[in-house]
Amino acid sequence: MRSLTILSALFVFLFFQAFTGNKNLIVTSGAFTNNGPIPVKYTCLGQEINPPLSITNIPPEAKSLAIIVDDPDAKVTVTKPIPGKTTKTKKGSHKKATKPPAMESVQVDSCFTHWVVWNIDVDGGNIPEGFRNPDEGLNGMKQPGYKGMCPPSGLHHYHFKVYALDTKLNISKTSSKAELEKVMQGHIISWGELVGVFDKLYK
C-alpha cells in the first residue's frame, strides 16, 4: 500500500513537471532588484515602457520564450445582492410581491495582466526596455502590448514571469493571459520570475 502511495505521488509530481516545467530560469533587471521598487519610468506616471530584463540559464533545447507580467494584488469592484430576501404586501391584495434585492459594491481579488508576449528569440536572453515583438497579446485593458503599473492605492507586487518553451506558438494576437497559459501547457521546459513593487507615492 505504501509503495502504491509513493508511486502515485511520483506520478503526480512528474505529470505536474511535464506541464509546468522546472523553475530554473534566472530573471533579473538592470532597472530594479527582486522585490525592489520599479522606477516610475516604466509605470503609468512615466514613459510606460517595459523595463529591461535579462534571462539566463535557458535550456539549450528551448525554441522560444514567453513573458507574462501580472499584478495579483489588483482588485475590482463588483455589485452583488445583499443576502436575504425582502417582500412587501400590496394594498387590497393578499399576494406578496418580491422586492428587488438590495445591492452592494464589494472589492474582489482580480489578477491584472500588464503584458502577454510570446515567440521571443532565445538567443542572448536580453529583453531591452521598450521591447516590441510581433507576437503580443492583450493586457488587462484589452489593449495590445505592455501596460505600465498604475495601482489605485497602496503597494502592489508585479510578477515578471518568463517561460522557456520547446516550440514556437501559433496563436492569435488577441490572445489573453489565460489563453497563452492554456496553449503553453505541456511545452514549458523551464521558467523563472522577477518581482517588483510600485506605489504611486514613490513619485
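The values are calculated or read from the model by the stated rules, or taken from the named source; none is laboratory data. Predicted, not measured: the structure shown is a model, and the values here were computed from it. Note: ideal-geometry Cβ built from the backbone for every residue, glycine included; neighbour counts use all protein chains shown.
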Residue hits (the stretch 141-176; closer than 17 Å to Ile49 by Cα, touching a residue at least 40 places away in the same chain (Cβ under 8 Å) and assigned to a loop (DSSP other than H, G, I, E, B)) are Tyr146, Lys147, Gly148, Cys150, Pro151
(1) under 18 Å from the mean Cα position of the chain (by Cα); (2) touching a residue at least 60 places away in the same chain (Cβ under 8 Å) all hold for Glu136 apart from (2)
Those residues of the stretch 166-193 that are more than 27 Å from Asn34 (Cβ to Cβ) and in contact with a helix residue (DSSP H, G or I) (Cβ under 7 Å, 6 or more places away or on another chain) come to a total of 3
Of the conditions (1) touching a Ser or Thr at 6+ places or on another chain (Cβ under 9 Å); (2) over 23 Å from Asn35 (Cβ atoms); (3) surrounded by 13 or more Cβ atoms within 10 Å (Cβ to Cβ); (4) at pLDDT 95 or above, the single one that Pro101 does not satisfy is (4)
Picked from the stretch 42-75 (must be in contact (Cβ under 8 Å) with a residue 40 or more places away in the chain and charged (D, E, K, R)), the residue farthest from Met184 (Cα to Cα) is Glu48
Note on the stretch 144-203: residues at pLDDT below 95 and out of contact with any strand residue (DSSP E or B) (no Cβ under 9 Å at 6 or more places or on another chain) are Ser153, Gly154, Leu201
Look at Gly130 and say whether it is within 26 Å of Pro59 (Cα to Cα) and in contact with a strand residue (DSSP E or B) (Cβ under 7 Å, 6 or more places away or on another chain). no
Within the stretch 1-60, residues being modelled with pLDDT under 90, among the small types (Gly, Ala, Ser) and surrounded by 10 or more Cβ atoms within 10 Å (Cβ to Cβ) number 4
Within the stretch 143-161, the residues that are more than 15 Å from Ala74 (Cβ to Cβ) and basic (Lys, Arg) are Lys161
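Which residue is surrounded by the fewest Cβ atoms within 10 Å (Cβ to Cβ), if the candidates are limited to the stretch 129-140 and must be part of a loop (DSSP other than H, G, I, E, B) and charged (D, E, K, R)? So that I can check it myself, show each step before the final result.
From the stretch 129-140, those part of a loop (DSSP other than H, G, I, E, B) are 129-135, 137, 139-140; that's our starting set.
In the following step, the residues that additionally are charged (D, E, K, R) were identified as 129, 132, 135.
Values: Glu129: 15, Arg132: 11, Asp135: 19.
In this case the residue turns out to be Arg132.
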